[in-house]
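Structure, as structure tokens:
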Amino acid sequence: MSGERAIVRAAGERVSRVEEAGMREFLGFMLGEETYALPLSCIREILRMPAVAEVPRAAPDVLGIVSVRGQVTTLIDLRQRMSLPKLPFGPRTRVLLVDQGDETLGLLCDRVLSVYRLSETEVELATVLGNEASSYVMGIGRPGARRVPRGGAVAQEILILLDPIALLKRHGHG
Amino acid sequence: MGSSTQSDKAREEFLAEAQELVEGLSRDLLMLDEGERRGQRNPETLNDLFRGVHTLKGLSGMFGFERLGRLSHVLEDTLEDLRMGRLELSQPALDVLFEGVEGFQRLLADAARPEGTSTVDIDALASRVGGIARAEAAEHDVLRDYELEPNVLGVLTEYEEHRLRTNLEQGFSIYRLRIRLALDVIDTALDQLRERLKSISEIITYLPSMEGGSVDAIDIEMLLSTRATESDLRTALGRADGVLSLVQKRRGGADPSLTAQSLRPVTTGGQPIEATKAQLPERVAAEAGADMSLRSLTNVVRVDIRKLDYLMNVVGELGTVRAALGRLVEKMRVSADHALASEAHRLARVFGRHLAEVQEGVLDIRMVPLSQLFDKVAVIVRQVARDQHKEVRLLITGGETEVDKLIAEELADPMMHIVRNAIDHGVEVAEQRASLGKPAVATLAINAYQKGSHVVIELSDDGRGIDTDLVREAAIRKGLLSDQVVSDLSREELLNVVFMPGFSTASAVTDLSGRGVGMDVVKTNITRLGGAVDLESDVGVGTKITITLPITLAIMSALLFEVRGRVLAIPLAVVQEALRLPAAAVRTIEGREVLSLRGATLPLCRLGDFFRFSRRPIGAPESTAATEEHFVIVVAVGNRRLGLCVDRLAGQQDIVIKGLGRSLSQVQGISGATDLGDQRLVLVVDAAAIVEETLLGRTSHMLARGLS
């Protein structure tokens, strides 16, 4: 966990520098078989799956609440929110702490990958997906040239870039 | 401090609040001043100032600080003129504003001192502040604005009159000094007097008085112009035995010739002013003026409630440490060195005791007397009654009852709605009351008292009461409830319809005898605080609303229990008893389960079903078979009782309750969560909401529909 926190913190310090260079940093993670990414700047911390207290009568994508250093934090099952199939939690399940207005939410993902630095040319806008794209998909990241696997022209990595504001908006007073 | 009375406490609160306001005024004024210097005028700053002074005026009036109120009043008028552009914001105007704010500070300093020693000449200050307005209004003669009788003005030389006018225009105060000088030393005495006064004032004129005097003495009357305060003047006068009075601003700009008589009090009314002077040690006045601005006025510290919440959280965490420590000590007693174990046991007990003291201390800091709230209510009652042309007598008892500050704050809106409604809709006009044989003056009674760990507030009026027939009719008309449902409702349930959102906002029911706007707000706010609202009403006799609230939300004793493998907590304050469920005694009435308990019927609620818990909690092994409900927790909320069926009781513990985030604000039946110390959160059930939903299911179902 501390390693992951270190990634976030160190990356956070670099954000401004990277943005000046026309690059943006994203944290990649897995939901089921798909690779997603959120802007690194919105992620406060990465946690291991803590003990969850189930909240009856909450929205279906609310997994429950957890205590993060004494703060009651709502956990959201991202898979459920993205209408992906349900899977059991594994040892690599992680919670991404994200600030949303006056509260901090925990987003559950199956596995944290790494930090991706994407230049503008490596980001496709969501419009390539047509109207099918959900409102919270910002675009598609193609960490191309820099990260082409050694094998050559094997399947290139694709990151579904999520807009944290649109993603979490429904959990306001909805 | 600990022994301070309630009124002292309210006074301290006021002083602290006023102090804060005045500090805000200073800041705003400085900003305004700076803006002027740089030629950037921000009208908002002026508006902020105006609002600040306005609030201070209201507060002063409420707490009976008459002098503060008067100064606020003139400052407010002036600021209003400035704001509206009726008056130019000139440097002298700013100066006087600063002087006014400084006056507030000194008045507050006076108020903080034990007895009525005052260093501020409020009249002079007020007139100087009010004076800007006049000075700026160019076209008319300022002399007409002051209580200067024609026979005085008549004897002024042209130069003296010019000086007088200029001084008034510049916002100086004019004092009249009447002093008796012995004839044999009159020359030296006058010289001395002139010397003393010259340093802080300009002597416009002096003339022998027609009145008073004696064989060997003569009364001299002087007109002094000064920026100094009256007390400074008195200091300068030293031992000289004079009567000093401010030349007042004329009210309503009456013709000077008509006010000649009104001047009498100025010349003949020396006694009261002398009395004031006698009370005022000159030394105090001088010293006070020198260093007052930097000194704090009260030893009250205003603390952001969130800091106390944080502290309370820490105390709560310590409580869990204490519990763990206790368990450890018990283990040691069995296995380890006996002497060491008993030493550890002793330390754990000392720790526990001190922790309890800290907890109590933090809780005590949060407590405020309800009178703080009731005072505000009283203002509203007066206002509404006046607006409605109704006569209402307000009777307040139990204002000394203390509640958590947070609760007092949250109570403000509901209380306001209730009294407003009581007067608006409940109280009849005097003639109608008379024809009904009721006393012409209606009575609104507020009574508060502590009942265990709860505070009860009763608000009753002797108005016309709520006619349930009209409620029924209105509910159907508004489409809130169907004919069928309404006809099934008991009288109590019908009264509760008043709390439904759709009902209270319906404009069509404002003619309804009884409550109108905002009762749903009342209910929502009180329920959110873990409280309950009960309503009793008799047509023609009156209405009584009873609010029951926990004394504090910060920390509470809770009963832990299990339902289908989940641990939950319930505040002990609402629990009457917990007992084994005698399965054989459960009956159903109209499909609802009830328990006959000692000859009384207790409705039951199976919590597992209520919360729609699956049979197996997250992460639990399959083998955790469904357990049966073996226990009943009997809860009482207001005057309603309900038995909660649970699987197992799991002990009692002090908990710090934490709210769920905004994302879960819609969840009904859960009031928060608590950390039991093992990093695992336990939900705290909201007994009031469960009782509400279970017992008044039909109406709250409608309520939920109304909300969505």
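For residue A:75, enumerate residues with amide H under 5 Å from its amide H, sequence gap 5+ or separate chain, H modeled in the peptide plane.
A:63, A:64, A:65, A:66, A:106
What does the accessible area per residue of the stretch B:1-119 come to in Å², with a 1.4 Å probe and no ligands, DNA or RNA counted? The partial results should precede the final answer.
On the way: 5730 Å² over 119 residues.
Accessible surface, normalised per residue, equals 48 Å².
Give a residue-ordered list of calculated ³J(HN,Hα) values for the stretch B:354-367 (Karplus: 6.51 cos²θ - 1.76 cosθ + 1.60, θ = phi - 60°; whole Hz; x for Gly, Pro).
5, 4, 4, 5, 4, 4, 4, x, 5, 5, 4, 4, 6, 7
How much accessible area is lost when chains B and A come together, counting both sides, with a 1.4 Å probe, in Å² rounded to the nearest 100? Please list the in-between numbers first.
Details: alone 35360 and 10070 Å², together 43180 Å².
Heavy-atom accessible area buried at this interface is about 2300 Å².
List the residues whose amide H sits under 5 Å from the amide H of residue A:45, counting only those 5 or more places along or on another chain, with H placed 1.01 Å from N in the peptide plane.
Counting only residues 5 or more places away or on other chains, the set is A:97.
Under 12 Å Cα to Cα from residue B:376, which aspartates and glutamates show up? Leave out anything in the same chain fewer than 8 places away.
B:409, B:413
Counting only other chains, what is the mean number of Cβ atoms within 10 angstrom of the Cβ of each residue in peptide B:682-693? Each step should come with its number before you reach the end.
Working: counts 2, 6, 0, 1, 0, 0, 0, 0, 0, 0, 0, 0.
Other-chain Cβ atoms within 10 Å of each residue's Cβ, averaged: 1.
Scan around residue B:428 for amide H atoms under 5 Å from its own, H built in the peptide plane at 1.01 Å from N, and keep only partners 5 or more places away or cross-chain.
Answer set, sorted by chain and number: B:464.
Grab the beta carbon distance between residue B:199 and residue B:80, set R0 = 35 Å, and tell me the FRET efficiency rounded to 0.05.
On the way: r = 36 Å, r/R0 = 1.03.
Using R0 = 35 Å, I get an efficiency of 0.45.
In straight Cα distance, which lysines are under 26 Å from residue B:438, not counting same-chain residues fewer than 8 positions off?
B:390, B:544
All other residues with a Cβ under 14 Å from the Cβ of residue B:378 taken together, and with Lys, Arg as +1 and Asp, Glu as -1, what is their net charge?
Within the 14 Å Cβ shell, the charges total +4.
Label-point separation (nm) for residue B:450 and residue B:333, each offset 7 Å from Cα along Cα-to-Cβ?
3.2 nm
Report the gain in length on full extension from residue B:143 to residue B:185: 0.36 nm times residue separation, minus Cα-Cα distance, nm rounded to one decimal. All intermediate terms of the calculation are to be shown ahead of the outcome.
Values: separation 42, 0.36 × 42 = 15.12 nm, distance 3.39 nm.
Using 0.36 nm per residue and subtracting the Cα-Cα distance, I get 11.7 nm.
Whole-Hz Karplus ³J(HN,Hα) for the stretch B:86-91, in order, using 6.51 cos²θ - 1.76 cosθ + 1.60 and θ = phi - 60°, x for Gly and Pro?
In residue order, the calculated couplings are 6, 9, 7, 7, 9, 4 Hz.
Tell me, in nm to one decimal, what length is gained between residue B:434 and residue B:207 on full extension, where the rule is 0.36 nm per residue of separation less the Cα-Cα distance? Before the final figure, lay out each step's value.
Details: separation 227, 0.36 × 227 = 81.72 nm, distance 6.30 nm.
Taking residue B:434 through residue B:207 to full extension adds about 75.4 nm, to one decimal.
Mind giving me the FRET efficiency for residue B:367 and residue A:125? R0 is 45 Å, r the Cβ-Cβ distance, nearest 0.05 is fine.
Values: r = 57 Å, r/R0 = 1.28.
E(calc), rounded to 0.05, equals 0.20.
The values are calculated or read from the model by the stated rules, or taken from the named source; none is laboratory data. Predicted, not measured: the structure shown is a model, and the values here were computed from it. Cβ coordinates were reconstructed from backbone atoms using ideal geometry, including for glycine residues, and neighbour counts include every protein chain displayed. For the accessible areas, the whole protein counts, side chains as well, though only heavy atoms, and no ligand, DNA or RNA atoms are used. Shrake-Rupley method; radii C 1.70, N 1.55, O 1.52, S 1.80 Å.
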